[in-house]
């Protein structure tokens, strides 16, 4: 039954968090764009002879367009989610499901699906505009409407399946062990993540892209040799047909155990020379060699344990339900409200993750330099990637500190150049 939203300290805290997050997001964007307009006409020394005034203007326009859309999307979601929670829709949906006399597990799954369908429909226009207006305008998007529609259908089906399994496991544990469900759910979540990581490259990803062994045998041998020098046993080296959707380029490692593989975008092979490709892969190998993947898994596991325990405590408080219009405890509705509550909190703690990520990226840059014998190939690759992807060469320091998972591109290049200079001086003294 819907008893109406109650004005209390919890509701005030909820609204204040969303207002502060939206304000900070908009303020950082405005700061970044202002800095870009002020410095965007300057060609950094590292890109002299590579980037001209015309390219700088294109970079500036792309940064402004994507940044503006990102802020608009974020602010819109910051309005939509509180409105959804405060509108009375959640108690109505819960009542409609309860009237059908379903099991607790199935009721919870249907409740979450109903909410996420609304959120997905709300965000759909932003995805369309990003793909078919912004990315098309700057000649990145190559996707057709038919491919986009097929991707959407497959994404919805895969997401629904995975989310359904995850929710079914958590709700079953809540029903079976009301007091200790959070610990069992944490263990279940870790196993679920590992299983998805194993399945992704061999089952999920091939639903969207075509993967083929690298046809250039010489390059394949060089990559295998590079991986061998790093002590990395790779199960396969594949190219992906990224050009069917976008001209952005990338390379990555995926999978665990026997599903582990190296994937190169076909756009990367087209835009980069052999040494640059190997340097990019050496950087990715650095993440594995330095234990970044394992460290991130432990950090994620620790955070998820705290979140689940916090959720367990919060779900026992009647005020959580009364504040948002429920006259009794509806556990799955409480979990959804907590998920909405966590969104602005995650925004405020995201700089900590960004700091750790940037530290890992610097370590991987160093590893690439060592494995390649010089930072020059990676420097060349970074310059090409930044130019072809229209990366902002003048981010505001505060914006980059708060949200960048990688150090700003000019900072990375300067650091690598300094490393090379120190290496040359060391050789000269010998």
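The values are calculated or read from the model by the stated rules, or taken from the named source; none is laboratory data. No experiment lies behind these values; they were computed from the predicted model shown. Backbone-built Cβ (ideal geometry, glycine too); neighbour counts: all protein chains shown.
Descriptive notes on the structure:
- If you go through the range 236-276 and keep only what is under 18 Å from residue 226 (Cα atoms) and more than 23 Å from the chain's Cα centre (by Cα), you end up with 236, 237, 269, 272, 273, 274, 275, 276.
- Breaking point among (1) within 30 Å of residue 166 (Cβ to Cβ); (2) surrounded by fewer than 19 Cβ atoms within 10 Å (Cβ to Cβ); (3) outside the structural domain of residue 166 (by TED's automatic domain parsing); (4) touching a residue at least 60 places away in the same chain (Cβ under 8 Å), for residue 263: (2)
- Subset tally (residues that are touching a helix residue (DSSP H, G or I) at 6+ places or on another chain (Cβ under 6 Å), free of Cβ contacts under 8 Å to residues at least 60 places away in the same chain and either surrounded by fewer than 19 Cβ atoms within 10 Å (Cβ to Cβ) or not in a helix (DSSP H, G or I) (or both)) for the range 318-353: 3
- Filter result for residue 46 (in contact (Cβ under 8 Å) with a residue 12 or more places away in the chain, surrounded by fewer than 18 Cβ atoms within 10 Å (Cβ to Cβ), part of a helix (DSSP H, G or I) and under 30 Å from the mean Cα position of the chain (by Cα)): no
- Only listed residue being assigned to a helix (DSSP H, G or I) and either at pLDDT 90 or above or in contact with a strand residue (DSSP E or B) (Cβ under 9 Å, 6 or more places away or on another chain) (or both), chosen from 405, 391, 369: 369
- When the range 159-173 is filtered for residues that are exposed (fewer than 15 other Cβ atoms within 10 Å of the Cβ) and either under 18 Å from the mean Cα position of the chain (by Cα) or assigned by TED's automatic domain parsing to the domain that holds residue 117 (or both), the ones remaining, listed by number, are 159, 163.
- Selection of the range 187-219 for residues being over 30 Å from residue 272 (Cα atoms), over 21 Å from the mean Cα position of the chain (by Cα) and either touching a residue at least 40 places away in the same chain (Cβ under 8 Å) or crowded, with 16+ Cβ neighbours inside 10 Å (or both) yields only 188.
- Test set (1) part of a helix (DSSP H, G or I); (2) free of Cβ contacts under 8 Å to residues at least 40 places away in the same chain; (3) in the same structural domain as residue 339 (by TED's automatic domain parsing) - residue 152 fails condition number: (3)
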